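Undergrad: Submitted below is the structure of interest, expressed as C-alpha cells.
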Amino acid sequence: MTTTVMVGEKPKVASKIAQALGDYSIEENRGVKNYIINTDEGKLIIAPAVGHIFNLDQVEEGWDYPVFEVEWKPTFETSDSADYMKKYYNNLRDQLKKADNYVNACDFDLEGSLIGYNVIKHITGADKDLIQRMKFSTLTSGDLQDAFDNLESFDEGMTEAGIARHILDYYYGINVSRALMKAVRKNDRYKTLSTGRVQGPALKILADREREIQKFEPDPYWEIYLNHSEFEAQWEDEEDRIWDGDEAEKVFSEVKDAKKTVVTNVKVNNYKHNVPIPFNLTGLQSEASSQFSISPKRTQQIAQSLYEDGLISYPRTESQKLPAKIGYKNILNKLKKQKNYKDLSKKVLNKKDLSPRQGKKKDDAHPCIYPTGEHPSNLSKQERKIYDLIVKRFFAVFGKAAKRQTLTFTLEVNNHDFKAKSKITKERNWYDLYEPYVRVDEADLPEMEEGQTLQVEDFEKIEKETKPPRRYSQSRIVNELEKKNLGTKATRASTIDRLYNRNYIENEPIEVTPLGLTIVSTLEDHCSEIVSEELTRKFEEKMRAIRDGEETREDVLEDAQDKLIEVLTNFKEKEKEIGAELVDTIDADRKRRRRLGPCQVCEEEGREDGILRIIKSNGNRFVGCSNYPDCENTYPLPRNGKIKSLDETCDVCGTPRVYVDRKKGKNYSLCIDPDCETKDDW
Ligand SMILES: [Zn+2]
Ligand SMILES: [Zn+2]
C-alpha cells in the first residue's frame, strides 16, 4: 500500500477535488483541512497550498546591484504580509513526509506547475519521476474525476518555463528598480521606485500616448447640417468636414436660405453582423469594462472565484476555442435547469446543428471561458453580472449572424449633397441570445423615394476641433499588451495596477503622471532596452521555447544576465547624474500630490496665494496653509488610508475634497472641513 499526497493550489480547490473523487474524511492539522481518500492502491491525501508558498530571494544580504544569486525561500520568511502561509507550509511539510509519491493538482498553467513543484521539491527533494500532473480546465466533478483517472507524467517544460519566468522577472525587477533607487539616494533622497520586465514596456506605451497628447495641437474644421423635422443630414463631398473657414461660410451661404430639398439617391446595403467569438480572459475583461465599467483586475478576481466555485472553466486562458469535447449539450441541459436561462438554453438546444463560432487564438492548456452549468448560489452583485455575461456569450456563439441594413439617402440643395444614414436590424438571430449586452445603433428614417421633394427646417454650420489621440482605458491597455505579446494573461491586469500604486499613472482613462514620464525618459536615455518591447517579447518567445523543450532555462537566464550586466554597468557610471534628473521630478510630484486647493480663509482676508496642502509631521497628518504662520487655517485628515487630492472643491462649502484610498475596506471621498453640512449624517 502506498501513500500519495496531492497538492491543490488553494484550500477551496482541494475541497472541490476531494468532493469529486469520492468518499473522503477530513483530517485537520495545524488548523488546515486535509482530505483523505482510501483507494485501491492505498491512501490519497489532498493537501492545500495557498498560491506561491515559495518565493525568490537573493542569497546574500545587501542592497547592491546587479544580483543574480537567487534561491527559493518560504514566502512567509521573506514577506511580512505572508504570515498566514506559515500554517499551510507546516501542514504541507507534515503531509508530504508521509508520501511515497506525489500529484501536482494546481491550476494547469506555468504558475500552477511552479506552485506544486516548488512545494514538493523544496520540502521533500523528491525525484521528478515521483511527481505526476493532474490536468483539468473546470472544477466540476466529471472533469476532476476524469483528470485523476488520466494523470500525466511530470510537466517538465511548463515547470522549467515557470521557474525561468520567475527568475527573469526577479532579475529585471530587483536590479533595475535598485538602480533607479540608488541613483536617487546618491542625491540624498529616498523614494520607492520600481520597474519590471513587463512594467517598463507597459509604462512606455502609456507614456508615448501621453506625449502625443501633450504635443497635440487641435485643428479647426466645420460641419454643415440640414435639419428636417424627423432627421438630420450632413453635408458631404469627398469628406464630411471642411477644413477652411471661408470655404465653410461659402457653402453655408449657398444653402442656408433653401426651403426644399430633393432626394437624389437611395442606397440600400444589406450586411451580416457576425456572431461574437468565445471569451478568453482579455475578451472578458474588455467586455466587462465596457458593459459594467468593472476594471480588468477586478474582473479577473471575480472570474477566478467563479472558477473556484466550479461555475465556469479556468479563466486565465488565451484561448478563443470551444472544443466539442466539453459537451455542449450537457452544459446547455444543466443551464436549462436555471430559471433565468431556461428559455435561452432551449432555444440553443433546439438547433439542428450545434457548432459554435470560434476565434483564432489558441492556448495549449485550456479552452476558452465557458459556464459549466453548475447552479450558482450566493453570488455577489458583481459576480452575478460577470457570470451572466459568460453564460450569455456562451449562448451567443451558437447563434446565427444577425442581418442588418444601412440606408443612405442623398439630398441635394443647390448642387450640394447632404447625406442621411440609418442602420436597422432585419433579423436579430444571435442578438436574442446575448441580450441585454447587444450594442448596436438602431436609427430608423422615414420612407423616402428618389425624386421626392422634402421640406427643410433649417441649416446649421458647426465649428469643431480635431481631438487628441484617445487615452488608454485599463481594459484597452490590457488588450494592447496582449496584442503586442507582452506579459501573460495572468499578469497583465496586475502590472497596470502596480503602475497606479507607484503613482506613475492615475485616473481612468489613464493619465501618465510627470513622475511616470520621467521614469520612462530616464530609462529611455540610459537603458532603452529595459523599456523596449522587443527585448520583453524576445524573452516571452524564449519562455515558450523552454516550455516546448527547444531551449534550456540555464541558457536563457545566462543570456538575460549578460544583457542586464551590460545595461546596468552603463547605468551605474552615470548614477549621480541620472539621480539628479529623477529627484527634481520626485520633489515636484510630491508637492503636486500634497496640494489640495486654494485656502478660503486667505481669500477672505485678502492674502494672496494661500494653498492648502497635506502636511506630515511626527507621524501625524493634517491640512495646513502655505501662508503659515500668517494663516493658521488647518483641517484634520482621516487616520487611515492613502489621501489623494481630487482637484475639486465641495459644492456646499467650497473647501477642497480628498479621496481616501484604504487598502482594507471601502474607498471614499470627503470634504476636509469637519463642520461642513455634508458631514451631518456621518
Ligand atoms: Zn490660508
Ligand atoms: Zn464641504
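Undergrad: Restricting the search to the range 611-644, which residues are in a loop (DSSP other than H, G, I, E, B), within 16 Å of ligand 2 (Cβ to nearest atom) and under 25 Å from Glu506 (Cα atoms)?
TA: Passing the criteria: Leu637, Pro638.
Undergrad: Here is a further query. I'd like the residue in the range 621-631 that is within 8 Å of ligand 1 (Cβ to nearest atom) and farther than 22 Å from Tyr659 by Cα and, out of all such residues, is least open to solvent (accessible area, probe 1.4 Å). Explain how you work it out, then say what you get.
TA: Just the residues of the range 621-631 that are within 8 Å of ligand 1 (Cβ to nearest atom), to begin with: 625-628, 630-631.
With the extra rule that they be farther than 22 Å from Tyr659 by Cα, the set shrinks to 627-628, 630-631.
Working: Asn627: 37, Tyr628: 156, Asp630: 117, Cys631: 2 Å².
Here the residue is Cys631.
Matching residues to (1) in contact with a helix residue (DSSP H, G or I) (Cβ under 8 Å, 6 or more places away or on another chain); (2) under 27 Å from Gly373 (Cα atoms); (3) surrounded by 19 or more Cβ atoms within 10 Å (Cβ to Cβ):
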| position | (1), (2), (3) |
| --- | --- |
| Arg93 | yes, no, no |
| Glu111 | yes, yes, yes |
| Ile131 | yes, no, yes |
| Phe148 | yes, yes, yes |
| Leu168 | yes, no, yes |
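Undergrad: Test Asn618 against the criterion of being more than 16 Å from ligand 1 (Cβ to nearest atom), within 36 Å of the chain's Cα centre (by Cα) and free of Cβ contacts under 8 Å to residues at least 60 places away in the same chain, and give yes or no.
TA: Details: more than 16 Å from ligand 1 (Cβ to nearest atom): yes; within 36 Å of the chain's Cα centre (by Cα): no; free of Cβ contacts under 8 Å to residues at least 60 places away in the same chain: yes.
Answer is no for this residue.
Undergrad: Filtering the range 259-278 down to residues that are loosely packed, with under 15 Cβ neighbours inside 10 Å and over 49 Å from the mean Cα position of the chain (by Cα), which residue is nearest to Thr408 (Cα to Cα)? Steps first, please.
TA: The first filter runs over the range 259-278 and keeps only residues loosely packed, with under 15 Cβ neighbours inside 10 Å, leaving 259-260, 262, 264-265, 267-272, 274.
So of that shortlist, the ones also over 49 Å from the mean Cα position of the chain (by Cα) come out as 259-260, 262, 264.
Values: Lys259: 21, Lys260: 19, Val262: 14, Thr264: 11 Å.
Result: Thr264.
Undergrad: Taking Cys653 as the residue in question, decide whether it is within 16 Å of ligand 2 (Cβ to nearest atom), over 28 Å from Arg502 (Cα atoms) and in contact with a Leu (Cβ under 7 Å, 6 or more places away or on another chain). First the steps, then the outcome.
TA: Working: within 16 Å of ligand 2 (Cβ to nearest atom): yes; over 28 Å from Arg502 (Cα atoms): yes; in contact with a Leu (Cβ under 7 Å, 6 or more places away or on another chain): no.
When the stated conditions are applied, Cys653 does not pass them.
Undergrad: Additional query: Could you go through the range 232-242 and let me know if any residue there is among the charged types (D, E, K, R), in a helix (DSSP H, G or I), at pLDDT 90 or above and open to solvent by 80 Å² or more (accessible area, probe 1.4 Å).
TA: Residues of the range 232-242 among the charged types (D, E, K, R): 232, 236-241.
Applying the additional criterion that residues be in a helix (DSSP H, G or I) yields none.
Scanning the range 232-242, I find no residue that is among the charged types (D, E, K, R), in a helix (DSSP H, G or I), at pLDDT 90 or above and open to solvent by 80 Å² or more (accessible area, probe 1.4 Å), so the answer is no.
Undergrad: Something else: Are there any pairs, at least 6 apart or on different chains, whose C-beta atoms fall under 9 Å, with the first in the range 124-136 and over 15 Å from Ala105 (Cβ atoms) and free of Cβ contacts under 8 Å to residues at least 12 places away in the same chain and the second among the β-branched types (Val, Ile, Thr) and surrounded by 15 or more Cβ atoms within 10 Å (Cβ to Cβ), and if so, which?
TA: Cβ pairs passing all conditions: none.
Undergrad: Let me ask something else about it. Report yes if some residue within the range 42-57 is over 28 Å from Lys73 (Cα atoms), surrounded by fewer than 22 Cβ atoms within 10 Å (Cβ to Cβ) and modelled with pLDDT under 95; otherwise report no. Please lay out each step first, then the result.
TA: Going residue by residue through the range 42-57, those that are over 28 Å from Lys73 (Cα atoms) are 42-43.
Among the residues that remain, those that are also surrounded by fewer than 22 Cβ atoms within 10 Å (Cβ to Cβ) are: 42-43.
With modelled with pLDDT under 95 added as a condition, the list becomes 42.
Checked the range 42-57: at least one residue is over 28 Å from Lys73 (Cα atoms), surrounded by fewer than 22 Cβ atoms within 10 Å (Cβ to Cβ) and modelled with pLDDT under 95.
Undergrad: Within the range 593-610, which residues are open to solvent by less than 40 Å² (accessible area, probe 1.4 Å) and either within 16 Å of ligand 2 (Cβ to nearest atom) or among the β-branched types (Val, Ile, Thr) (or both)?
TA: Our first condition is that a residue be open to solvent by less than 40 Å² (accessible area, probe 1.4 Å); within the range 593-610, this holds for 596-597, 599, 602, 610.
Selection gives Leu596, Gly597, Cys599.
Undergrad: Answer yes if at least one residue in the range 657-667 is open to solvent by 30 Å² or more (accessible area, probe 1.4 Å), aromatic (Phe, Trp, Tyr) and more than 16 Å from ligand 2 (Cβ to nearest atom), and no otherwise. Step through it out loud before you land on a result.
TA: Going through the range 657-667, the residues open to solvent by 30 Å² or more (accessible area, probe 1.4 Å) turn out to be 657, 659, 661-667.
The next check asks that each one be aromatic (Phe, Trp, Tyr); those that pass are 659.
Imposing the further condition that a residue be more than 16 Å from ligand 2 (Cβ to nearest atom) reduces the set to none.
No: zero hits.
The values are calculated or read from the model by the stated rules, or taken from the named source; none is laboratory data. Remember, predicted model here, so these are calculated numbers, not experimental data. Ideal geometry is used to build each Cβ from the backbone, glycine not excepted, and the neighbour counts take in all protein chains shown. Areas reflect the complete protein model, heavy atoms only, side chains present, ligands, DNA and RNA absent. Shrake-Rupley method; radii C 1.70, N 1.55, O 1.52, S 1.80 Å.
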